[in-house]
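**Q** Sharing a structure here in structure tokens format.
The values are calculated or read from the model by the stated rules, or taken from the named source; none is laboratory data. Since this is a predicted model, take the numbers as computed values, not measurements. Cβ sites come from the backbone with ideal geometry, for glycine too, and all protein chains shown count toward neighbours. When the accessible area is computed, the model is the full protein with side chains, heavy atoms only, and any ligands, DNA or RNA have been set aside. Shrake-Rupley method; radii C 1.70, N 1.55, O 1.52, S 1.80 Å.
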Amino acid sequence: MAIRLYNTKTRAKEDFVPIDPQDVRMYVCGPTVYDRAHIGNARPVVVFDVLYRLLRHEYGAEHVTYARNFTDVDDKINAKAAETGRSIRDITDETIGWYHEDMDALGALRPDHEPRATEYIAPMVAMIEDLIAKGHAYEAEGHVLFAVATDPEYGSLSRRSLDEMRAGARVEVAPYKRDPMDFVLWKPSTGDQPGWHSPWGKGRPGWHIECSAMAGELFGEKFDIHGGGNDLQFPHHENECAQSRCVGHDFAAVWMHNEMLKVDGKKMAKSLGNFFTVADLLAKGIPGEVLRFVLLSTHYGSPMDLTQKAIEDAEKTLRKWWRTIDPGPTVQKLYKQQDTRREVIDALLDDLNSPKAISILHKAANEGNEAGLRAGAAVLGLLNKNFQNWTKMQGVSGLDELKIQQLVEKRDVAKYGKDFALSDSIRDSLIAVGVQIKDTPNGTQWSLTPSFDAAKLAELSDA
Ligand code: AMP
Ligand code: ZN
């Protein structure tokens, strides 16, 4: 079965056919690095991480290349430098370090390439020169602008017509623009603004050109998948398409956009008190795996709402799943071997249907299908060793599985020796601390009940 992906360019779900199955290439727009990433920024990271894993599974890890950029030249970064008196490099390095910390905590694999815009100024300048030479861009007052009217396909990705755009334009119309929709490829830098020498004087690139130039450098004239949040569809991705098309690049074959995340039904805003960085949520004690689970519980193409209840439900589910796969060192369990992993992959092949994948894992957990749950969850990057132990460290803190196991074995021995007084008393004391035991043809199974109390377990004598 092929991977099927919804392609924004064609507005249809299509079979994914790589340009070269030996070299599958995906580019995702990354963050502008001046501040901690918020939980909305984490949505594309986790969504495209799942796609990256799926592509690696289908085509082989060595045949997939994933690039995600860091925008490290931007007026918001300049403003922060001016405000704090710190250097731009200092701010961007620190922010990139935070980004890695936070996204690692969500279990996202690092992309193969994480190009920084400032390291690709020369290819950007070359692309702008090419656009001018081909008649698609013009210089005006130290700026270089892309002339949208010269691209008959401008608007085709976001399905807007130039006339509509002009009518609804809220862009500030600079006097040097030939058309209000023309956008900046290069702008002059003065004073302590960061700048590079160029044929148009000292200046810096506009935002959109970096992705066209970096994807061109890393991937060549065409590549397979381009992703990002839906808010980038226009103007950022439309402009990327226009620039690359006009220098003769096919650019991305499939365009994917994740829908926006809201918090408690509202767009995140500091003034509403519903703005959370990933670091804020981790600092509240919410494990990264729980956030990853919540982000995958809604299909990437639908708007999603982050609520306290969604977080609590995710935590409950993951605790249960961890218990299912990790019941104690030697406890035998009844496994119903099913190819849950295959079912999870099949769900993802259908335009990354992560909610369906999660429902398959629920079923495996409910059936006590430990092997299936473990293998299926790994496809989603859940229940893996990076996340191991948070269920033990928090809430069910001090869960001393070895002790439970020793008591269970002691009871087994007593029962085998027909010392029913001892075996019953061990069972009763386990029940009293919230550990249930069940005799099955395959041995004794134990599980925690909602009233499990780690402190009481610690007080139990195991002598
Ligand atoms: P930015 O640093 O604002 O360019 O955003 C980095 C990435 O996060 C882009 O792919 C955005 O589309 C995405 N993004 C920003 N806000 C949200 C949100 N609330 N929900 C989902 N994705 C978002
Ligand atoms: Zn981009």
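**Q** Over all Cα pairs of segment 178-328, how is the pair count split among 5 Å bins, expressed in % and running from 0 up to the last occupied bin?
**A** P(r) for segment 178-328, in whole percents per bin: 2, 7, 12, 13, 12, 12, 13, 11, 9, 5, 2, 1, 1, 0, 0.
**Q** For segment 63-100 and segment 1-59, write down the distance between their C-alpha centroids in whole Å.
**A** 22 Å
**Q** For the chain, what does the helix formula give at 222 nm: sum of -39500 (n - 2.57) over DSSP H segments with n ≥ 4, over the residue count, nearest 500 deg cm²/dmol?
**A** Computed mean residue ellipticity for the chain: -12500 deg cm²/dmol.
**Q** For segment 99-159, what does the alpha-carbon gyration tensor say about shape, rounded, prolate or oblate, given a ≥ b ≥ c as the root eigenvalues, a/c under 1.5 as rounded, and a/b over b/c as prolate?
**A** It is prolate, given that a/c is not under 1.5 and a/b is the larger ratio.
**Q** Separate question: Hull surface divided by four, with the convex hull built on the Cα atoms of segment 104-228: how many nm²? Spell out each step's value before the answer.
**A** Working: hull surface 40.9 nm².
For segment 104-228, averaging the hull's shadow over all directions gives 10.2 nm².
**Q** Work out how far the C-alpha atoms of the chain reach from end to end along every principal axis, then list the three figures in whole Å, largest first.
**A** So the extents along the principal axes, rounded to whole Å, are 95, 52, 37.
**Q** Please work out the ratio of the alpha-carbon Rg of segment 1-100 to 2.2 N^0.38 Å and round it to two decimals.
**A** My calculation over the Cα atoms of segment 1-100 gives 1.37.
**Q** While we're here: So what are segment 234-320's ellipsoid semi-axes, whole angstrom, largest first, if each one is the square root of 5 times an eigenvalue of the alpha-carbon gyration tensor?
**A** After diagonalising the Cα gyration tensor, the semi-axes are 34, 16, 11 Å.
**Q** Can you give the % of DSSP beta bridges in the chain that are antiparallel, to the nearest 5?
**A** Counting DSSP beta bridges with both partners in the chain, the antiparallel share is about 50 percent.
**Q** Can I ask one more? List the aspartates and glutamates whose Cα lies under 14 Å from the Cα of Lys266, skipping any in the same chain that are fewer than 8 positions away.
**A** Answer for Lys266, where 14 Å is the Cα cut-off: Asp305, listed by chain and number.
**Q** Given R₀ = 25 Å, FRET efficiency for Asp112-Thr84 by Cβ-Cβ distance, to 0.05?
**A** Values: r = 33 Å, r/R0 = 1.31.
E between Asp112 and Thr84, to the nearest 0.05, is 0.15.
**Q** Could you work out how far apart the two model spin labels at Val413 and Glu401 are, taking each label as a point 7 Å from the Cα in the direction of the beta carbon, and quote it in nm?
**A** Rounded to a tenth, the inter-label distance reads 2.2 nm.
**Q** Mind ordering 32-45, 180-193 by average Cβ neighbours within 10 Å, highest first?
**A** 32-45, 180-193
**Q** Counting other Cβ atoms within 10 Å, which GluC sites (Glu not before Pro) in segment 1-106 have at most 16 and lie in a DSSP loop? All intermediate terms of the calculation are to be shown ahead of the outcome.
**A** On the way: sites: Glu14, Glu58, Glu62, Glu83, Glu94, Glu101; in loops: none.
Loop-located and lightly packed - none at all.
**Q** What lysines does Lys202 reach when the alpha-carbon gap must be under 29 Å and sequence neighbours fewer than 8 apart in one chain are set aside?
**A** Reachable lysines: Lys76, Lys80, Lys134, Lys177, Lys187.
**Q** Amide H of Ala137 versus every other amide H placed in the peptide plane: which residues, excluding those fewer than 5 positions away on the same chain, fall under 5 Å?
**A** Residues meeting the amide H criterion: Ile132, Ala147.
**Q** Please report the carbon-and-sulfur percent of the accessible area for the chain; probe 1.4 Å, protein heavy atoms only, DNA, RNA and ligands left out.
**A** For the chain, the apolar C and S fraction of the accessible surface comes to 51 percent.
**Q** Please name whichever of Gln233, Gly248, Thr190 sits farthest to the positive end of the charge dipole of segment 181-248, dipole taken about the Cα centre and charges placed at Cβ: Lys and Arg +1, Asp and Glu -1.
**A** Result: Thr190, furthest along the dipole toward the positive end.
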